[in-house]
Amino acid sequence: MVFSFFKKKDVEPDLPMPRQPRIVQPKPAQAPGSAEPEAAPAAEEKAEARELPALDFSTVGSLTISEGGGINVMESSDVLSPAMEQAAISFANDQLDDAISILASELDHCDRRYALDTWLMLFDLYQMRNRHAEFDELALKFVVAFERSAPVWQSGTGTGSAKPAAPAQAKAGGPYFLFPQKLIGDGIEALLDQLEKLTQGGVLVRVDFGRIEEVESAAAAAIVQRLAKLKKKKAKLQPTGGPGLAEKLKGKIEVMRREPDEAPFWLLLMEVYQFLGLQEDFENAAVDYAVTFEMSPPSWDATAKTKTAAEVAKEEARLRAEAPVPEPVQDAFGFEGPIVEATEAKFAPLQQYASEHAEVRIDFSRVSRVDFVSAGMLMNVLVGLTVQGKPITIVGANELVVALFRIMGIADIASIVRKK
């Protein structure tokens with residue numbers, strides 16, 4: 001669901017406002033040999049520069065890149081209210097309760113042009129804090145105030161702080177863990193921490209490899225190490241999507257090609273075969289690994305149940321039917337979890353993704369919070385991409401992150417599609 005209620009900017013001189021970009025209007029084409037027009041008075045030029053075109057109803061901000069490499073801002077979001085700014089700053093500093101207090105006290109007397117965003121920000125905060133009663137009460141007031149449907153409470157996503165949403169539950173019950181499309185070294189440990197946390201208490205966890213399209217060597221090594229740790233703890237894991245992952249890993253290795261970066265792919269492949277119960281495939285891979293790297297391979301777990309390929313296929317179909325329906329996959333770079341105290345390495349995968357795409361789409365649906373330092377670093381990266389002529393779209397960010405991006409100027413160099 002995408003909202004926009006911004007109007008032409010009315011400046012309130014007594015209120016502090018973030019610096020807004022100057023709107024650059026292209027000069028009209030001149031006939032060859034024609035004289036240069038006289039310069040307009042400074043006051044008229046300033047007034048003309050402040051005129052904003054009507055905003056699109058699906059995005060916040062957009063831009064184009066001129067032939068000379070400059071940034072021409074074509075649309076810009078309205079300024080935030082002082083309360084919205086304060087709440088966004090508190091949220092960026094992980095002070096969620098302060099942000100709630102600021103916005104809740106603003107509801108009854110906030111300017112109409114700021115009203116919808118103020119309410120939506122408060123809905124997100126109540127969800128993060130797991131304050132269901134306040135959320136429902138706010139929803140009733142929202143329907144009356146805006147004469148439209150209110151946001152819906154998302155079960156299992158409330159937290160005590162700004163953390164990633166809880167994992168989905170498989171139809172058969174129990175935790176369900178879905179690996180993302182791209183497994184990269186940066187951030188893989190945090191992802192595996194989530195998986196390990198789900199195994200606490202001895203419950204059976206469904207581990208879905210089915211969405212994986214790309215695996216980096218460092219990520220494969222981290223997964224192998226974590227699975228070994230979970231085995232020692234006797235964690236209960238039931239895989240789905242294993243056969244597909246095995247085929248992708250087989251495409252990354254070759255017998256007698258002794259590349260150190262490929263060793264983790266071999267080891268992860270054997271772990272997948274062990275998971276699936278395919279002993280013959282495991283032993284064949286183990287022999288090829290030993291020949292290639294001239295070192296002893298892992299041993300088959302004698303306590304594991306051995307299965308045939310037909311049995312694996314039948315079980316895979318059953319588990320796939322019981323798993324939650326996956327969300328539609330779009331070609332986008334996705335961040336995971338809070339982005340705080342980030343370093344340049346955090347954004348290196350984004351830059352790699354951007355180098356392979358003419359248009360850059362960034363998914364923030366699994367990002368709970370972004371702090372100021374990290375937002376500034378992201379801004380620098382995005383400015384570099386816009387200078388290269390790459391349109392940028394940010395999707396799925398929660399309302400507090402959107403507000404921070406508007407404060408930092410990110411909304412002025414990227415189109416922001418509000419979360420549904």
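The values are calculated or read from the model by the stated rules, or taken from the named source; none is laboratory data. What you are looking at is a predicted structure, and each value in this text was computed from that prediction instead of being measured. Neighbour counts run over all protein chains shown; Cβ positions are idealised from the backbone, glycine included.
Annotations for the structure displayed:
- Segments classed as helices (runs of 4 or more DSSP H), wholly inside the stretch 232-311, with at least 1 members that are among the basic types (Lys, Arg) and out of contact with any His (no Cβ under 9 Å at 6 or more places or on another chain): 242-250
- A single member of Glu247, Glu294, Glu254 is over 36 Å from the mean Cα position of the chain (by Cα) and exposed (fewer than 13 other Cβ atoms within 10 Å of the Cβ), and it is Glu294.
- Selection within the stretch 197-216 - buried (at least 18 other Cβ atoms within 10 Å of the Cβ) and part of a helix (DSSP H, G or I): Leu198
- Count of residues meeting criterion [touching a residue at least 40 places away in the same chain (Cβ under 8 Å), in contact with a strand residue (DSSP E or B) (Cβ under 8 Å, 6 or more places away or on another chain) and within 27 Å of Tyr126 (Cα to Cα)] in the stretch 378-400: 2
- Scanning the stretch 127-141 for residues that are part of a helix (DSSP H, G or I) and over 18 Å from Arg418 (Cα atoms) returns His132, Ala133, Glu134, Phe135, Asp136, Glu137, Leu138, Ala139, Leu140, Lys141.
- Residues in the stretch 304-317 that are within 24 Å of Lys231 (Cβ to Cβ), of a type outside the set (Gly, Ala, Ser) and at pLDDT below 85: Lys305, Val312, Glu315, Glu316.
- Screening the stretch 180-190 for residues that are within 23 Å of Glu247 (Cα to Cα) and in contact (Cβ under 8 Å) with a residue 40 or more places away in the chain and picking the one that is surrounded by the most Cβ atoms within 10 Å (Cβ to Cβ) gives Leu183.
- Out of Val383, Val360, one residue alone is more than 24 Å from Phe177 (Cα to Cα) and over 17 Å from the mean Cα position of the chain (by Cα). It is Val383.
- The set of residues from the stretch 97-113 being in contact with a helix residue (DSSP H, G or I) (Cβ under 6 Å, 6 or more places away or on another chain) and of a type outside the set (D, E, K, R) comprises Ala99, Ile100, Ile102, Leu103, Cys110.
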